[in-house]
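Report on one structure; see the data block that follows.
Every number here is computed from the coordinates shown, using simple stated rules; none is lab data. Quantities reported herein were computed from a predicted structural model and do not represent experimental measurements. Cβ coordinates were reconstructed from backbone atoms using ideal geometry, including for glycine residues, and neighbour counts include every protein chain displayed.
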Amino acid sequence: MNGASGAGVGRAALDVARSATIAVPPALVASWLVVRQGAPAEAVWVLGLSLVVSIALAWRARRGVARRLRTLSSVLASFREGDFSIRARTARGDALVDEALSELNQLGDVLREHRLGELEAWALLRRVLAEVDVAVLAFNDERRLRLLNDAAAKAVGKPAADILGDDAGALGLADLLEGEAPRIVRDTAALGPGPWELRRGAFRLVGEAHTLVVLSDVRGALREQEQEAWKRLIRVMGHEINNSLAPIQSISQNLRSILARPELPDDWKPDTQSGLEVIGRRAEALGRFMTAYAQLARLPSPRFSRIDVAEWVGRSAKLEQRVAVEIVSGPDIAIVGDPDQLDQLLINLVKNAADASLETRGGVRVRWSVADGKLDLIVEDDGPGVSDTANLFVPFFTTKAGGSGIGLALARQIAEAHGGEALLRDRVGRPGAEAVVRLPVGS
């Protein structure tokens, strides 16, 4: 108590001395003037009394300002400690000091709102991390674990409280902080059975750089993708086999009916030979195509060779027997491509056009032209036209009863594998639609 009292007395004496420094200089000047002018003794006493009063008033004013400045300092110290509930009380006094205290109170309100928002955001983040079934870990620059959720603790097989602060290497997780990302992680002894999809990111927490690691268990997704891939493979293979077997069966029946006649027509031998050549060539090409497709479970890479466009169109259009397919001759030109794949492309487009023309009993025409180093091959039909252009090339989307939705998608895939494109659109000013295949000309 004595120490505190002494400090208070000393502070008061210091305040008086500082106040005197304000009032004494003008009083000394006034005393010098009084003495020089020879004023009476009463004036000297009045001057001395005025000096004492001035010192008292200055000390009182300074004491009030000091008290408010100490209040301001205390509030700022509370803010520094994270306590934003303290407020400064304003009263009649120095308007500038009161304005400063008012601004300080408003600053406290803003900081308090920010702190509440920060606390709510952290609470939401913790809740989200607890609910998601992906493992989330955060490491600082020293590769020490600073944050993990329940899914991560479960994957590591240790309680979160036991491993927070541990080194990534000691936990067997150093590989997660190295190498490319995103990637699939399969052989990680520290984690449970994978595979895991690894993603990384960077963030700063309290001014310190951290690395965020997110691990997703993709076993279920991979199983679904594998099943879907098998389904698609089976559907595509079945679709392509049926597309080729149907005309082969039609041609073989026609040949059998010719050979079954009591008297063979004069041109039976060329027709038979031509039909058998078509069947053999198509069966051989289909066998090569399906073998490669089954081995790779995807479209084989094209095996490029020189292809005469007129011959290509002729042999592919000949397989369609349900409607009349007219070939409109174009320029004499050859392209470089995979004969088997391009045959399959054109067979699909002609079949699709024939399906549409059967609804209106119309025909199908195939024509081609060359412009700007590109071959434009057009298959047009007299059908009802295109009803949904947005989904025509989406795999397995079909508008036909019993359709598989494979033909157009595969046609586009083959065209793109050859550096070209395929599209289907309505004919301008006429009923029906036209499929356009644009392929590069030359090697």
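Cβ crowding within 10 Å, taken as a proxy for footprinting-reagent exposure, orders D338, D355 from fewest neighbours to most as D355, D338.
Label positions at S305 and V218, each projected 7 Å from the Cα along the C-beta direction, are separated by 3.9 nm. Taking amide H as placed 1.01 Å from N in the peptide plane, L375 has its amide H under 5 Å from the amide H of L439, V441, each at least 5 places away in sequence or on another chain. Each residue of segment 308-319 is assigned a 3J(HN,Hα), and the resulting list reads 7, 4, 5, 5, 4, 5, x, 6, 6, 5, 5, 6 Hz, derived from the Karplus form 6.51 cos²θ - 1.76 cosθ + 1.60 (θ = phi - 60°), x at Gly and Pro.
Note on W312, W268: ascending count of other Cβ atoms within 10 Å places them as W268, W312, the fewest first. Residue exposure proxy: F203, F79, F304, F139, ordered by other Cβ atoms within 10 angstrom of their Cβ from fewest to most, comes out as F203, F304, F79, F139.
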